[in-house]
Structure formats: structure tokens, C-alpha cells
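Student: Below is a structure I'd like to ask you about.
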Amino acid sequence: MVWREFHGMPLSRRRKHRAPRSTGGPARAGFSAMGAVATVVTGVLVATGGLLLPTGALTSGESVRPHARYHHHRHHHHGHHHRPAGSATAKPSGSTSTITSTPRPGPTRTVTRTTTTNPTGSTPATTGPGPSKPADLGGFGTGIYMGNYSADTAKSSLGFTQQYTTMYLPAASVSTPNISKVEAELRSGTTPIMDLEFKTGPFTMAQIAAWGPEVQAYFKTFVDGLNTLTDYAAKLDNGTQVILSINHEAVVKINQSKYTFSKYHGGQPTIADSAAAWNQAMSYVAKNAPDVVRLYWYGGSGRNENTYANALRPGLIQAASFDPYRWSHNRSSDTAQDLWGSKVSSLKSQSWMKNADGTLKPWGLTEWGTDADFGDASNATFVKGALSFLRDQGATFAVYFNRKSGPNDFVITDGRQPKTVAAYKAAAH
């Protein structure tokens, strides 16, 4: 897939109220590994702030998906979800905001967790946060990605609010989500799917897995920002949630040598280190930000995909996604069922896709698209069929990737494909 930013649409179910967080009591804790092994319970977290992502355009930490990625995938539809709209007005996308972590009134939570330091530098054994609550994302919802923080742009182009959006956050330049801009998306009724990407640093996968002091400090700050956002979404009570992915399509990037961080010395992380890093980071999120939905965003089919997936702790996976497209080298007669059916069936059959009670975890498409080379009429037919297919298959979300990616062109809103836009609006709204 392509490495990019993010955008979405309104959600279907109202969020359940959560236990209050004490504003003066114990806050989320970050821990440093120093000296002998020690267990610390309930510390005080201090947010250190971070850099803002530029609005719109691809960040320097993103890269472009090669043309021959997978030979099948990407999709979505938009059902009406009954919930009150947010009353606040989003700030202009071009404005610059200061990230803060000020206490907010309304629903709060008290979190107690235990962390064991790791003086040896070896990968610590992660015991995990215990049974995970199933994610409830409601019915099917859609979005169209036109850049990070682009919900208002998409609404202007299509005439309706996006239920989901994707955001691509390069960890090398982002230490916390852009609070003001994500809050604007939440107010608009859009659930953000944020991907935190480490292919350009500032840590290797082995360093994250080892969970040293600098890594812990980074995640402490980032997760504090996530909690600010989930608290805000709960206060809005408009059905929005906060979804987090870490290192989307990790195996694809390894196979395509996309990790360029200098500490790899021209090489790539191992599958084992990558899976251990995901487990360690998501375990921390589960303990310290329990209202964030943890997403496994995978590449689908490729060398070592199953090895990586089977190394992840199933209890940490609350939802899953992948990125199918109709590429220009596919046939014009290919339908979403033809191109993506076997991949969807395989996903739903995985043991890690089952909740403890045997029900299927939510899944969807974090990207999908159809190449402009097929022409307006063909793409209109495909888009309508793709959203119908996804709905019938039980998908929860689908975010159309309305961008160019190298030789691939999935843009439908630039005036060249009016029939496709009309078909999307009818099927997604």
C-alpha cells in the first residue's frame, strides 16, 4: 500500500459511558528501566508535547506504494448511523495549534497498571493486560482519504460527513497526535484511524521490543495524547472513537526494504523483532489507554505475513484491516468479489480474528481504490459493487484512498470521473 495520511465518516453506535478519571489522582504512568528489576504501580505521567504534522500533504516519513503491491485489494460503503452530530465547529485546517494535555471535564477513567523494568537490554517477557474487551464499532461506515485532517475537505467535495478517516503519523517527527486537529475531526463525526509509523525511526524494532527508558518515555507521551482524544470523544458522545495502528503493513515494508532508519545500517528489521515490538507497544496501549481501539493493519499475502501474524498476541488485536485495490493491470471485468473475496474469507477464518466468545472481531479496509485507467463508467460500476460487497461481507469500515501513488491514480474527485463520484455518494451515504 501507499504510506500516507488520513480521513473518514460518522459512526454507527453511540459510545458507552466510561468510569470517571480522577483529575487530581493517579494519572497514566510511564516507566523507565534503570538498575535492578523493579515493579512500579500507578505513577504520574507528564506529557512532554510534540511536533505537529503539516496539514494535508504527505509527511516526510511516508513513502509510495509500488505498482505491483498485491495483485488484489482495496474497498467501502456508508450507512446512516443514528447519533447526534457534534455541535462544535472545526478549526480551519490551515491553522497552527499548540498541543496541550489540559484536564477536561466529563467522562474520565482511573487506570492502574504494572510495568517491569528491563535492566539487561534483552526483550522483556510481556505478560499482557489480561482479557481484552471486544471493540464495538457499530455498523458499516465509510470515508475517503484526501490527506491527513481532511474531513472538512471531503465533506465539501462529497456533501456529507465522513464516518472514518486515516492518518499517517511518522514517529520520527511526531511524538504525540495533533490534538486540536484530531479533535476537529471528532467534532465533525469522523473516527480517526491513526497509524504510528517507525520505518524512519526514531527507534528500531529491536529497541521498541526491549522497551528501554527512551522508548518508554516516547510512548508515555504519545499515549497520553491518545487518552486526551478518547476523553474528548466520550465527552462529545457522538459515536466517534479513536483507532490506533502501529507500523501498518510491517511485513510488506520489510519485504520491499522500506525501513530506512540509519540504525538498520542498510538492512531491515527481523520479523521476530517487528512482532515483539508490536506486542510490547500495544500491550502498553491496552494497559494505559483502554478506550483506544487497537488495530492490526496487515499486508495480506506475502512472504512471512502468516509468521508475523501468528507471533502477535491475539488478545491485543481488537480489529483488523488491509488495503486492496483494483490496479491498472487487473481486468476491467474484475469485481471486488473476484479480486478481494479470497482475502476477506482468509481474514475472517484466522484464529486471531475471534473474540473470546467466538464472535468475529471488526474488520475493514483502511485503503481501497480503483485506477483511473479503467475510465469513469467502469469505475462507477466497480465502486458501487465494491461497497455492496463489503457491506454484505460484514465489514465495519472502508476508507477510499483518493490519491495518486507513483504510477497509480485512484483520484475520483478531480472532475474527471463524475459518474464514479455519483456512484460513490449513492453507495456510501
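Student: Test each condition in (1) in contact with a Pro (Cβ under 9 Å, 6 or more places away or on another chain); (2) closer than 21 Å to I193 by Cα; (3) surrounded by fewer than 22 Cβ atoms within 10 Å (Cβ to Cβ) for A356 and report the one that comes out false.
Tutor: (2)
Student: A follow-up question, please. Six or more apart or on different chains, Cβ atoms under 8 Å: show the pairs whose first residue is in region 152-168 and polar (S, T, N, Q) and whose second is in a helix (DSSP H, G or I) and at pLDDT below 95.
Tutor: That search, which allows pairs on different chains as well, returns T161/A151; T161/K155; Q162/A151; Q162/A154; Q162/K155; T165/A151; T165/A154.
Student: Still on this structure: Among the numbered conditions (1) touching a residue at least 24 places away in the same chain (Cβ under 8 Å); (2) out of contact with any Gly (no Cβ under 6 Å at 6 or more places or on another chain); (3) over 19 Å from L360 (Cα atoms), tell me where F261 comes up short.
Tutor: (2)
Matching residues to (1) closer than 11 Å to T142 by Cα; (2) touching a His at 6+ places or on another chain (Cβ under 9 Å):
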| site | (1), (2) |
| --- | --- |
| A372 | no, no |
| N408 | no, yes |
| D414 | no, no |
| P418 | no, no |
| A427 | yes, yes |
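Student: Report the residue count in region 410-422 for those that are among the aliphatic types (A, V, I, L, M) and over 26 Å from the mean Cα position of the chain (by Cα).
Tutor: Step one: filter region 410-422 for residues among the aliphatic types (A, V, I, L, M), giving 411-412, 421-422.
Subsequent filtering for residues that are over 26 Å from the mean Cα position of the chain (by Cα) retains 422.
Matching residues across region 410-422 total 1.
Student: Do we find a residue being surrounded by 23 or more Cβ atoms within 10 Å (Cβ to Cβ), in a loop (DSSP other than H, G, I, E, B) and either hydrophobic (A, V, I, L, M, F, W, C) or in contact with a strand residue (DSSP E or B) (Cβ under 8 Å, 6 or more places away or on another chain) (or both) anywhere in region 331-339?
Tutor: Kept after step one, since they are surrounded by 23 or more Cβ atoms within 10 Å (Cβ to Cβ), are these residues of region 331-339: 336, 339.
Next, from what is left, pick out any that are in a loop (DSSP other than H, G, I, E, B): none.
No, every residue in region 331-339 fails to be surrounded by 23 or more Cβ atoms within 10 Å (Cβ to Cβ), in a loop (DSSP other than H, G, I, E, B) and either hydrophobic (A, V, I, L, M, F, W, C) or in contact with a strand residue (DSSP E or B) (Cβ under 8 Å, 6 or more places away or on another chain) (or both).
Student: Report, by residue number, each residue of region 253-264 that is of a type outside the set (K, R) and either buried (at least 23 other Cβ atoms within 10 Å of the Cβ) or in contact with an Asp or Glu (Cβ under 6 Å, 6 or more places away or on another chain) (or both).
Tutor: Going through region 253-264, the residues of a type outside the set (K, R) turn out to be 254-257, 259-262, 264.
Passing the criteria: only I254.
Student: If you don't mind, another one. With respect to the numbered conditions (1) part of a loop (DSSP other than H, G, I, E, B); (2) in contact with a strand residue (DSSP E or B) (Cβ under 9 Å, 6 or more places away or on another chain); (3) not acidic (D, E), which one is the sole condition not fulfilled by K258?
Tutor: (2)
Student: Output the residues belonging to region 359-414 that are assigned to a strand (DSSP E or B), among the acidic types (D, E) and crowded, with 19+ Cβ neighbours inside 10 Å.
Tutor: Narrowing region 359-414 to residues assigned to a strand (DSSP E or B): 360, 363-370, 397-401, 404-405, 408-409.
Subsequent filtering for residues that are among the acidic types (D, E) retains 367, 409.
Hit for region 359-414 is E367, nothing else.
Student: Do we have A272 as aliphatic (A, V, I, L, M), free of Cβ contacts under 8 Å to residues at least 60 places away in the same chain, surrounded by fewer than 22 Cβ atoms within 10 Å (Cβ to Cβ) and part of a helix (DSSP H, G or I) here?
Tutor: Values: aliphatic (A, V, I, L, M): yes; free of Cβ contacts under 8 Å to residues at least 60 places away in the same chain: yes; surrounded by fewer than 22 Cβ atoms within 10 Å (Cβ to Cβ): yes; part of a helix (DSSP H, G or I): yes.
So A272 fits the description; yes.
Student: Suppose we filter G267, G302 for residues that are surrounded by fewer than 18 Cβ atoms within 10 Å (Cβ to Cβ), part of a loop (DSSP other than H, G, I, E, B) and at pLDDT below 95; which single one remains?
Tutor: On the way: G267 fails: at pLDDT below 95.
Sole residue among the options that is surrounded by fewer than 18 Cβ atoms within 10 Å (Cβ to Cβ), part of a loop (DSSP other than H, G, I, E, B) and at pLDDT below 95: G302.
The values are calculated or read from the model by the stated rules, or taken from the named source; none is laboratory data. Everything numeric here is computed off the predicted structure, so don't read it as measured data. Note that we place each Cβ from the backbone using ideal geometry, even for glycine, and neighbour counts take in every protein chain shown.
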